[in-house]
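Peer 1: Sending over a structure as C-alpha cells; questions will come in a sec.
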Amino acid sequence: MKSNKILSIFIAAIAIIGGILFIRIFMEDAEVIETNVDVANSVVSPLIYYSTWLFLAGVIITVVLSLVSLVRNPENLKKTLGGLAVLAVLLVIAYFLSDSNAVYDANGIGVLPGGEEGSSTNHWVGTGIWYSVILGVIAGGFFIWDLLKGLVKS
C-alpha cells in the first residue's frame, strides 16, 4: 500500500511539472514566440527536453522490467526466443526477396539522391517493405482463421 502512495505522488509530481511547463508556453504571446528565437527557446525547449527525458525513461524502464521478467520466468524466455527466431527467419526471407534497384523521382526521369542502383539503403528499404507484407499476410491469415473459427462455433 505504501508503494502505491509513493508511486501516486511521483506521477502527480511529473504531471505538475509538465503542466507548469505547458502553461508557460500559453502565457507567452504566439507572435513573440514565432518571431523571437530566444523567447521560443527559453519557453518551448524545457518542455521538449522534459518530454524527451520522460519518453527515454519510460522506454528504459519498460525494457529493463521486461528483461527481468523474462529472466525470472524461463518458460516465457523460451517462447520469446522462439518468436524472435521466427521473426529473424522472416527477415532473412524478406532480405532475399528485396532488390536494390534505382529509385526514380515522381516523374520517373532522374534517380533520387542516395537512391542509386545497388545501394544498401535501397536494399534495406525493400527488405522492410517485404517484411511488412509478409507479416501482414500472416496476420491477415490468422484474422480470417479466427473469423471462420468463430462463425463455425456460433
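The values are calculated or read from the model by the stated rules, or taken from the named source; none is laboratory data. This one's a predicted model, so the numbers in the text were calculated from it and none came from an experiment. With ideal geometry, Cβ positions are generated from the backbone for all residues, glycine too; neighbour counts draw on all protein chains shown. Accessible surface is based on the protein model in full, side chains and every heavy atom, while ligands, DNA and RNA are left aside. Shrake-Rupley method; radii C 1.70, N 1.55, O 1.52, S 1.80 Å.
Peer 1: Could you run through the stretch 29-44 and say how many residues are among the charged types (D, E, K, R) and either modelled with pLDDT of 80 or more or surrounded by fewer than 10 Cβ atoms within 10 Å (Cβ to Cβ) (or both)?
Peer 2: 2
Peer 1: Here's a follow-up. Looking at the stretch 24-34, can you tell me whether even one residue there is over 28 Å from the mean Cα position of the chain (by Cα), assigned to a loop (DSSP other than H, G, I, E, B) and of a type in the set (Asp, Glu)? Steps first, please.
Peer 2: Restricting attention to the stretch 24-34, the residues satisfying the condition of being over 28 Å from the mean Cα position of the chain (by Cα) are 24, 26-34.
With assigned to a loop (DSSP other than H, G, I, E, B) added as a condition, the list becomes 28-29.
When the remaining residues are screened for being of a type in the set (Asp, Glu), the result is 28-29.
There is at least one residue in the stretch 24-34 that is over 28 Å from the mean Cα position of the chain (by Cα), assigned to a loop (DSSP other than H, G, I, E, B) and of a type in the set (Asp, Glu).
Peer 1: Could you list, in sequence order, the residues of the stretch 114-126 that are surrounded by 11 or more Cβ atoms within 10 Å (Cβ to Cβ) and not in a helix (DSSP H, G or I)?
Peer 2: Within the stretch 114-126, the subset surrounded by 11 or more Cβ atoms within 10 Å (Cβ to Cβ) is 115-117, 119, 121-126.
Residues satisfying the conditions are GLY115, GLU116, GLU117, SER119.
Peer 1: Here is a further query. Taking the residues in the stretch 116-137 that are of a type outside the set (S, T, N, Q) and in contact with a Phe, Trp or Tyr (Cβ under 9 Å, 6 or more places away or on another chain) as candidates, determine which candidate is modelled with the lowest pLDDT.
Peer 2: The extreme case among them is HIS123.
Peer 1: Are any of the residues in the stretch 101-113 open to solvent by less than 100 Å² (accessible area, probe 1.4 Å) and under 26 Å from GLY83 (Cα atoms)? Talk me through it step by step, then tell me what you get.
Peer 2: Looking only at the stretch 101-113, we keep the residues that are open to solvent by less than 100 Å² (accessible area, probe 1.4 Å), and these are 101-103, 105, 108, 110-112.
Checking which are under 26 Å from GLY83 (Cα atoms) leaves us with none.
Among the residues of the stretch 101-113, not one is open to solvent by less than 100 Å² (accessible area, probe 1.4 Å) and under 26 Å from GLY83 (Cα atoms), which makes the answer no.
Peer 1: Here's something else I'd like to know. Is it true that LEU47 is surrounded by 11 or more Cβ atoms within 10 Å (Cβ to Cβ), assigned to a helix (DSSP H, G or I) and touching a residue at least 12 places away in the same chain (Cβ under 8 Å)?
Peer 2: Details: surrounded by 11 or more Cβ atoms within 10 Å (Cβ to Cβ): yes; assigned to a helix (DSSP H, G or I): yes; touching a residue at least 12 places away in the same chain (Cβ under 8 Å): yes.
Yes, satisfied.
Peer 1: SER42 versus (1) assigned to a helix (DSSP H, G or I); (2) within 28 Å of the chain's Cα centre (by Cα): which is the lone unmet condition?
Peer 2: Of everything listed in (1) assigned to a helix (DSSP H, G or I); (2) within 28 Å of the chain's Cα centre (by Cα), SER42 misses just condition (2).
Peer 1: Would you tally the residues in the stretch 57-80 being loosely packed, with under 11 Cβ neighbours inside 10 Å and either not basic (Lys, Arg) or not in a helix (DSSP H, G or I) (or both)? Steps first, please.
Peer 2: Step one: of the stretch 57-80, the residues loosely packed, with under 11 Cβ neighbours inside 10 Å are 58-65, 68, 71-72, 74-75.
Of the ones still in play, those that are also either not basic (Lys, Arg) or not in a helix (DSSP H, G or I) (or both) are 58-65, 68, 71, 74-75.
Of the residues in that region, 12 qualify.
Peer 1: I'd like to check something: does the stretch 127-141 contain any residue that is closer than 23 Å to GLY83 by Cβ, under 28 Å from the mean Cα position of the chain (by Cα) and part of a loop (DSSP other than H, G, I, E, B)? It would help to see each step written out before you state the result.
Peer 2: Residues of the stretch 127-141 that are closer than 23 Å to GLY83 by Cβ, as a first pass: 127-141.
Now narrow it down to the ones that are under 28 Å from the mean Cα position of the chain (by Cα): 127-141.
Right, trim to part of a loop (DSSP other than H, G, I, E, B) and you get none.
No, there is no match, as no residue in the stretch 127-141 is closer than 23 Å to GLY83 by Cβ, under 28 Å from the mean Cα position of the chain (by Cα) and part of a loop (DSSP other than H, G, I, E, B).
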